[in-house]
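Working notes, beginning with the structure itself.
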Amino acid sequence: MDFLKDPLKVAADWLLGIFSGWGMPDLWAQVLIGFLGIFILVALLMVLDIFLVWIERKVVSRFQSRIGPNRLGPFGLIQPFADIIKLLIKEDTTPEGADRTLYNLAPILSMMSVLILWAVVPLAPSILGVDLNIGVLYIIAAGAIGTLSIIMAGWSSNNKYSLIGAFREAAVMLSFEIPMLTVMLIPTIFAGSMGIGAITQAQDTWNFFLAPLAAVIFLIAAIAELGRSPFDMGEAESELVSGYNIEYSGMKFGMFYAGELLHAFTFGGFWAILFFGGYRFFGLEQVSAFLAIAILFFKAFIGYWIIMWVKYTLLRIRIDHMLAFNWKFLTPVAFVLLMTTALMNALLADASNWLYIGGMFLSNILVAWISLEVARSASRWERERVEGTGYAARRTE
Amino acid sequence: MTVDQIIFLVIAAGTLIAAFRVVTTGNLIHAAFWLIAALFGVAAIFAILHASFLAVVQVVVYIGAISMLFIFAVMLTRKDMRDQGPQLNRNWGFGAFLAALAFAGLVFLVHGWSGVAKTASAFPSDFDAVGALGNALVSPDAYVLPFEVASVLLVAALIGAVYVAYNRK
Amino acid sequence: MVPLSWYLIFSAALFSIGLFGVLSRRNLIAILLGIELMLNSVNVNLAAFWRYGDVTNITGQVFAVIVFAVAAAEVSVGLALVISVYRKRNTVIADEIDMLKF
Amino acid sequence: MSTETIIWLIPLPPALAFFLIVLFTNRNKALSHTIAIGAALLSWLGSMIVFARALGVERLGERPFTSSINWLATGDTWFKIGVLVDPLTALTLFFVAWTVLMIFIYSVGYHNFGQPEGDHDHKGLPPHGATVEEHGSKHVVPSVEPMYSRFFAFIGLFAFGMFTLVVSDNLLTLFVGWEIMGLCSYLLIGFWYGKKSARDAAVKAFMTTRIGDVFMLLGIAYLYSVTGALSFREIFTETTLHTLQIIPSGVLGFSTAGLIGLLLFIGTVGKSAQFPLHVWLPDAMEGPTPVSAMIHAATMVSAGVYTVIRMFPLLSLDTQTMSVIAFIGAFTALFAATIALAQNDIKRVLAYSTISQLGFMIAALGIGAYIAAVFHLITHAFFKALLFLGSGSVIHGMEHGVFHTGKHEVDPQDMFNMGGLKNKMPITFWTFLIGGFALSGFPIVTAGFWSKDEILADAFAHNLPVFLTLAVAAFLTAFYTMRQITLTFLGEPRTEEARHAHETPWTMTIPLIILSVFAIGFGWIGIPEHFPLLGGLVPNWLHEFVGGTLAEHPEAVEFSWTPLLTSLVVALGGLGLGYLFYRNVNSPAEDKLQLGFLKNKYYVDEIYNAVFVKPAIWFADKVVYQIMDKGFIDGILHLFGPGTQGIGDGIRNYFDLPFINRFLGDGSANVTYFSGEKLRVIQTGRIQQYLMLALILFLAIGAILYFFVFSV
């Protein structure tokens, strides 16, 4: 039963036994096992990534009333492998005047910024890469590296489109980090810790019921952070051809592409972890670590599916609208929500569980309603000013 | 030498090389990227010092925001993508001398200071550095006032920067 | 165990490199880059003194956090000034911005 | 919530309403009156809860609700402020809350809410009506008050002042509420500040009450300096009172208690418009009618009497003070009643009757009839509020007629322009009749009968001259009340306007109906036990309840037939005579009582004008301005001028020019210029070179400090 409960420890003990049997010093063996663990995790993720391509294509087809890949293998399952082979054997071009080092470094950093996120993901009660007590900040830090890779790619390509794309994307990512970090502090308040593991453990009630508005803001900010439609400023096929990765081909492009998909899936996962209890599901996670992982992945897929749903439903927003939306709406709402939550948390500290949940939920709804009303009246004002009707126009005359 | 020391030396050397490239490289964009590398090095130093919060904030604030600003600013203030002319001014030799003198003075001070022999004590059990830092920043007995002043400073800087850089055309 | 003096010398070196950049670079942005290096070296010192002093006294980290805030403020205002100067005078070379005399 | 918390909260809503309306909602009329009435409703609710809980407490007088907080550090002790609800406060809260709420609601209709904006209305003037087109024909309807929101803000503040005064447990906060009301009365009497008469009336009210306030403040200060306490509970202890009684004050043979009481009483004379400071109250009729009701029935004048009642334990210590109070009260009662006989303005009659009725209360207090005074205070508040609101309703109806005929010179307040309104405005008539009968003391059914009868009974038992005076005043009261009712409502309409008068909207009539219920019913809680037939059917609840406020429970006076018969005779006789006299009078010329000295209010205003105002103006102009200011002070200044100029010239020529200018001024400039020339080379404008210089200096100083200073 131990293996089912805590497979990692059983496997590590087994490996340690083998390595010491070979006469390897303890420290080296530990380091080697650590590396092996990382390697296995990354390998599994990359395999998952390949299937994400297939999932993405299947889902978008369904949204668009098509069937999607269906020729190669059952349900077209082999199709992504064919894609990989195509990418691998494609000519790898570097534009003239490109900054070679940065040009080659960018896709690696892009992939890396996603993969290092998995270091703090609690897959099961016993399986957790690093229980960083600042996990929430760590997620943002990894996002910062993603921004860096995009700027690198955009600049080093020596291409105006890619530079503009990179600028836009960097501006968006920098801006949306703020509401994202702010709402991530709300689960932190509930858990009393920034550690992702602690946040998962603390969710006897899913944070979504305590802070529905925070969950929504997090999802919006995450979509912007991912650079996915409706916030796909960096790529914007119809304006910038393909944005910051225009000059990349072959596997380098493949890394950007795979990075983006995995990133989306990862943020679906974080959404699940921060607001939907992560691997927890009515105690099922205690039965077996594998079950816990399955629960987490199921939830992550739901989040991922919602992100896809948004992507293939909404149109792209203009860059200035988007930034204005962030700075003038999302960020203030996130701040107000954070303050409200902190206040309610202090006020309801001694309240019964149901009162606490109800109070939190209602305060969220209230903040959401008020902010929507404010936004509505602001937009009405703007519309009347532009149309030259109403009070705004008379005022400015 | 222990593993710790080797890791430290590697990181320190990398950081210093990156820092050196920041001040010498002719291409400002490269200088900015070298700065990012140096800042990563400093973040790693923080991690070695078990100041995990500082390490992560270093990445978020410096690499995520400040470096981006630098890159933006570099790109916004050029007539073309390549740099022309020397990047060092006429007095660079004297500047280098002064910097060396400052370094020598600092090393001399460190050398002469008795406290340098201190060793790091182990962390007390269940000591939560992040929690302690958070408490210190908002506790009225500790640093809530500097913290608030810093936040006011940031707001003022934000407004000032927007005002200064705003294009009135 | 890494001795404290290594950290101090490392930060002194980082500081001096930054100082050199500030004193010698022609480009205003490069000067700001140098200032960033100097601020970082200060932070290394603060963290090191915290680690090698009484770890329960969190003052060193608090100072470092405030230095972060100051650095962010300094960069945003500094770069805004640089951009403003560039708009008005079409240059970012420090030697060419010498109206502050006589 | 605990009762104490509610008491603290009672005054708050109107104050909040004031700020909300002034700061935010003054553009929105509906929102403003909603806020104000909502606030009044909250205060009303709080008052009712407190009243209900107060009823539930056995012997509330000895164990009142109190709560206090530290306010000012006075040396080692704290000056505390707080709230106190004893039987007196509970009853006062009861009637204040009711009347205030009614007046707030009434104001909505009175200021023509929902009507169009006027054609030529200006802020500061009463609305003049608006022309509307309906079914193809133009006609004039009342227009909404232009400063509608402001009105509600002011009366909100007014209500705040009154509630504060009532719930205070000490003289200081009582005085604060008192002064807030003084300010509000000024603002509200001068509400239509476009009219000169309103302005003058506002200033007059403010100045006259101010005279009383100054004496009151002196009394408070004296009391504090003697006892070191202003809290009622602390003052009304036996030891403190005894101390106050035995220490002589050194003024006219008064004891300290007597002098303090007298000073406080002068404050009341101002606030409750007793002779000789009564002159402001009739003029205060310039304000809108709800304000008249507010000032003259519900709050301000009641506040004066309330304060005297509150301080009764102190006042009653000195017989000399008591006789002054009794004299002034009785005199005012008769004096004002005679003036009221000859007034033609419907509101002025009521104003003088208010002064007269307040005189009854003061006189009752002066002869020690504590409970009777409280009783009459409450019943009077209800029926006088009713009468004022009713008169406002009449005026409103008359204005309707004026709009209809278009003759704006017709005074809608003159009773001789009315007549026959009974059929036009039935609700107003019946409620006004109830109020008028209550004022007259119509036997058995009205509240006024019981309270006035109790005063007369007490007066008969204690002080015969006062009894006689009050009896005559009561007769006159009934007489002029009937005169008013007859002229206004009975008979035939005397003008076209009266013929077209119209019943007022429900917002005005509902308060009238509610108040008339109280004007009848409230008397039954205080029926004396030995009253023939009715006595003992209902226990004399009021006597038990209020009596508990005092340390010694006052004895009920023996029943006697004389005062009862007297009050029956004067009430019924006055009413009957009034009807007989005036049923056929159609113009002022036919009125036999239009005597000059009554019409002109015994020339008190003119006497004050000649004795105080004119000399003051003469003194200010001739003595202060012409002699002191222009002659003396300006003369000294004119002397200074040339002398200073001479000294200045000397200094300039022999010190300034040679020494300061040439040597110090030019010399330092030259030095600066020379050194600047030499030093300018190091200022290149290049920031990095400055930095280098700074660094060199820093390193040098560091080295010097390290090697030479610290190492030593």
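Structure summary
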read-out: Failed item, numbered, when C:Met1 is tested on (1) out of contact with any Phe, Trp or Tyr (no Cβ under 8 Å at 6 or more places or on another chain); (2) more than 7 Å from chain B (Cβ to nearest Cβ); (3) outside any helix (DSSP H, G or I); (4) farther than 23 Å from B:Met68 by Cα; value: (2)
read-out: Sole residue being modelled with pLDDT under 90, part of a helix (DSSP H, G or I) and closer than 20 Å to A:Leu372 by Cα, chosen from A:Leu338, A:Leu314, A:Leu323; value: A:Leu323
read-out: Filter result for C:Asp54 (touching a Gly at 6+ places or on another chain (Cβ under 8 Å) and either more than 8 Å from every other protein chain (Cβ to nearest Cβ) or surrounded by fewer than 18 Cβ atoms within 10 Å (Cβ to Cβ) (or both)); value: no
read-out: Which listed residue is more than 14 Å from chain C (Cβ to nearest Cβ), hydrophobic (A, V, I, L, M, F, W, C) and surrounded by 11 or more Cβ atoms within 10 Å (Cβ to Cβ), from D:Leu657, D:Leu637, D:Leu691; value: D:Leu657
read-out: Condition check for D:Pro642: away from chain C (no Cβ under 14 Å) and exposed (fewer than 10 other Cβ atoms within 10 Å of the Cβ); value: yes
read-out: First in the stretch D:681-706 and more than 15 Å from C:Ser24 (Cβ to Cβ), second anywhere and part of a loop (DSSP other than H, G, I, E, B) and charged (D, E, K, R), Cβ under 7 Å, 6 or more apart; value: D:Gln683/C:Lys101; D:Thr684/C:Asp98; D:Thr684/C:Lys101; D:Gly685/C:Asp98; D:Gly685/C:Lys101
read-out: Test: residue in the stretch D:64-79 that is under 23 Å from D:Met311 (Cβ atoms), small (Gly, Ala, Ser) and crowded, with 22+ Cβ neighbours inside 10 Å; value: no
read-out: Neighbours by Cβ (under 7 Å, 6+ apart or cross-chain): first from the stretch D:353-374, at pLDDT below 85; second surrounded by fewer than 24 Cβ atoms within 10 Å (Cβ to Cβ) and not hydrophobic (A, V, I, L, M, F, W, C); value: D:Gly368/D:Ser316; D:Gly368/D:His462; D:Tyr370/D:Pro554; D:Ile371/D:His543; D:Ile371/D:Gly547; D:Ile371/D:Pro554
read-out: Verdict on B:Asn27 being facing chain A (nearest Cβ under 9 Å), under 30 Å from C:Glu96 (Cα atoms) and surrounded by fewer than 21 Cβ atoms within 10 Å (Cβ to Cβ); value: yes
read-out: Test: residue in the stretch B:149-156 that is over 24 Å from the mean Cα position of the chain (by Cα) and not assigned by TED's automatic domain parsing to the domain that holds B:His50; value: no
read-out: The one condition in (1) in contact (Cβ under 8 Å) with a residue 60 or more places away in the chain; (2) more than 7 Å from chain B (Cβ to nearest Cβ) that C:Ile29 fails to fulfil; value: (2)
read-out: Filter result for D:Ala293 (modelled with pLDDT under 80, within 20 Å of the chain's Cα centre (by Cα) and more than 28 Å from D:Leu464 (Cα to Cα)); value: no
read-out: Test: residue in the stretch A:174-188 that is in contact with a strand residue (DSSP E or B) (Cβ under 7 Å, 6 or more places away or on another chain), at pLDDT below 90 and part of a helix (DSSP H, G or I); value: no
read-out: Sole exception among (1) in contact with a strand residue (DSSP E or B) (Cβ under 8 Å, 6 or more places away or on another chain); (2) more than 7 Å from chain B (Cβ to nearest Cβ); (3) of a type in the set (Ser, Thr, Tyr) for C:Ser41, by number; value: (1)
read-out: Selection count where residues are among the small types (Gly, Ala, Ser), more than 7 Å from chain C (Cβ to nearest Cβ) and surrounded by 14 or more Cβ atoms within 10 Å (Cβ to Cβ), scope the stretch B:94-125; value: 1
read-out: Options A:Ser156, A:Ser175, A:Ser126, A:Ser113: the member that is assigned by TED's automatic domain parsing to the domain that holds A:Gly197 and buried (at least 23 other Cβ atoms within 10 Å of the Cβ); value: A:Ser156
read-out: Qualifying residue in the stretch C:64-71 (condition: assigned to a helix (DSSP H, G or I) and closer than 25 Å to B:Thr119 by Cβ); value: yes
read-out: Tally of residues being within 11 Å of D:Val226 (Cβ to Cβ) and without any contact (Cβ under 8 Å) to a residue 60 or more places away in the chain across the stretch D:239-258; value: 5
read-out: Some residue of the stretch A:98-107 being under 21 Å from A:Gly154 (Cα atoms), surrounded by fewer than 20 Cβ atoms within 10 Å (Cβ to Cβ), hydroxyl-bearing (Ser, Thr, Tyr) and assigned by TED's automatic domain parsing to the domain that holds A:Ile196; value: yes
read-out: Qualifying residue in the stretch B:68-89 (condition: touching a residue at least 12 places away in the same chain (Cβ under 8 Å), closer than 22 Å to C:Asn43 by Cβ and at the interface with chain A (Cβ under 9 Å from one of its Cβ atoms)); value: yes
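Here's the yes/no breakdown for (1) in a helix (DSSP H, G or I); (2) more than 7 Å from every other protein chain (Cβ to nearest Cβ); (3) surrounded by fewer than 17 Cβ atoms within 10 Å (Cβ to Cβ):
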residue	(1), (2), (3)
B:Phe127	no, no, yes
B:Ala132	yes, no, no
B:Leu137	yes, no, no
B:Pro140	no, yes, yes
B:Leu145	yes, yes, yes
B:Glu148	yes, yes, yes
B:Ala156	yes, yes, yes
B:Val164	yes, no, no
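The values are calculated or read from the model by the stated rules, or taken from the named source; none is laboratory data. Please read all numbers here as calculations on a predicted model, not as lab measurements. No Cβ is skipped: glycine too gets one built from the backbone with ideal geometry, and neighbour counts run over all protein chains shown.
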